Amino acid sequence: MSVRAAVMPGPGRPIRLQTFSDPECGPGEALLETLASEVCGTDVHLWHGRLAGVPYPIIPGHVSVGRVREMRGISTDVMGHALSVGDVVTFLDVFGTCYRCFQCQVARQPNRCPSRRVYGITSPLSEGLMGGWSEVIHLRPGVHLLRVPESVPYRRLIGGGCGLFTGFAAVERSDLEMGSTVLVQGTGPVGLSAMAFAHLRGAGRVLAIGDPEDRLALASLLGADQTFSLAATSREERREAVLELTSGRGADVVIEAAGQPSAVEEGLKLLRDGGTYVVAGHYTDTGGVELNPHSELNRKHVELRGQWGTDLRHLVGAIRMLERWGDALPFERVIGREYGLDEVEEALRDVEALRVTKALVVPGVRSVDGPPSSD
């Protein structure tokens, strides 16, 4: 039996559709039949070579859902739920965390462990099918599996994708208090998830800044009380509107999910004195901004926090929220299109151009006749 996968050879190079031998399932491992894997902004950055230390060639796809095809020595997921062949699961894309170093044990920040690795990003092709843009995903020993509850459609989970978990983490990081006014910058998957979880955590008002119009409509669907179009409003108009809505004070919490340096500059000006600003959108280096530390940080008594990646608890918490509040979290509506393995480049270009909010690679979808190239 052979397995098809989409391979990213290097920055800017065409994606290759290749075939591989079916992997063997070793002790403590699992093989998943891929149901869907997301294409997110990080994958576009990978294609453009904007992430350091990526061991090209790779099979991208860091957040995926799949059906258990085979397991050896695994009987439960990380929460202790019984697992069987045929169950629909997802997994924490981070693996290799040592749980022995300073960051893991003293700082209690395993997301900064120097041994940390990520499926679909820092796993080279030489190590096997360790990315979701493949018909089969090979889960190595120690990878944290989570069974998707029967009440949660897997497209709802993957429709949020990594943004679902990052948005959850950003809201947690903000220490959001009930009744607060929350402003989210960015209406991509991270921003949309942050709005939804801020709303469910008890925000008194959720505001959103972004574009295009279809994403602003999704923001309203997922919990935003008022939206501001970047194209249709000026920075000064947005500032005046936010101040008017907050009795001249500014937002209690601002969550940056735009990935643009200018958003940070604007966001700090929209934050009230003593408010909390969480930067969650800058996964790559897109440049800097000029800030006045006296007037914008110190005198305002700002809580400035970064949120780098996610931990297992964020996956568990987000899935629990989907299970409990599914009708309020219809992330399947975020999915713009499903692409076959032979359409990955088109998916990357569509995500880059904002033509879709969430793109999915679904290996079962085929658009090109004829056998794939072999390797």
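The values are calculated or read from the model by the stated rules, or taken from the named source; none is laboratory data. Everything numeric here is computed off the predicted structure, so don't read it as measured data. Please note: Cβ atoms are built from the backbone with ideal geometry, for glycine as well, and neighbour counts cover all protein chains shown.
Okay, here's what the table says:
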read-out	value
Subset of the stretch 149-175 that is of a type in the set (D, E, K, R) and within 30 Å of E303 (Cβ to Cβ) - its residue that is surrounded by the fewest Cβ atoms within 10 Å (Cβ to Cβ)	D175
Checking L291 against (1) closer than 29 Å to I335 by Cβ; (2) part of a loop (DSSP other than H, G, I, E, B); (3) among the aliphatic types (A, V, I, L, M), the condition it does not meet	(1)
Cross-chain or 6+ apart pairs with Cβ under 8 Å, the stretch 164-192 first and at negative phi, then in a helix (DSSP H, G or I) and acidic (D, E)	Q185/E266
The lone exception for A347 - which of (1) among the aliphatic types (A, V, I, L, M); (2) outside the structural domain of A52 (by TED's automatic domain parsing); (3) surrounded by 17 or more Cβ atoms within 10 Å (Cβ to Cβ) it fails	(2)
Condition met for L51 (in contact with a strand residue (DSSP E or B) (Cβ under 7 Å, 6 or more places away or on another chain) and either modelled with pLDDT of 95 or more or in a loop (DSSP other than H, G, I, E, B) (or both))	no
Failed condition for L17, given (1) part of a strand (DSSP E or B); (2) over 23 Å from R355 (Cβ atoms); (3) not hydroxyl-bearing (S, T, Y)	(2)
Filter result for T42 (among the polar types (S, T, N, Q) and either buried (at least 17 other Cβ atoms within 10 Å of the Cβ) or in a helix (DSSP H, G or I) (or both))	yes
Residues that are small (G, A, S) and within 17 Å of the chain's Cα centre (by Cα), drawn from the stretch 39-65	G41, G61, S64
Residue list for the stretch 244-262, restricted to those being of a type outside the set (D, E, K, R) and either crowded, with 24+ Cβ neighbours inside 10 Å or outside the structural domain of D175 (by TED's automatic domain parsing) (or both)	A251, V253, V254, I255, A257, A258
Pair list, Cβ < 6 Å and 6+ apart or interchain, from the stretch 354-367 residues that are aromatic (F, W, Y) to residues that are at pLDDT below 95 and in a strand (DSSP E or B)	none
Test: residue in the stretch 232-239 that is touching a residue at least 24 places away in the same chain (Cβ under 8 Å) and of a type in the set (V, I, T)	no
Enumeration of residues in the stretch 108-149 that are among the aliphatic types (A, V, I, L, M) and farther than 27 Å from M321 by Cβ	L125, L129, M130, V136
Any hit, the stretch 270-288, residues being modelled with pLDDT of 95 or more, part of a helix (DSSP H, G or I) and surrounded by 13 or more Cβ atoms within 10 Å (Cβ to Cβ)	no
Residues that are over 12 Å from V254 (Cβ atoms) and among the aliphatic types (A, V, I, L, M), drawn from the stretch 272-321	V289, L291, L297, L312, L315, V316, A318, I319, M321
L46 under 19 Å from R349 (Cβ atoms) and either touching an Asp or Glu at 6+ places or on another chain (Cβ under 6 Å) or among the charged types (D, E, K, R) (or both)	no
Yes/no for D285 being within 14 Å of T187 (Cβ to Cβ) and in the same structural domain as E172 (by TED's automatic domain parsing)	no
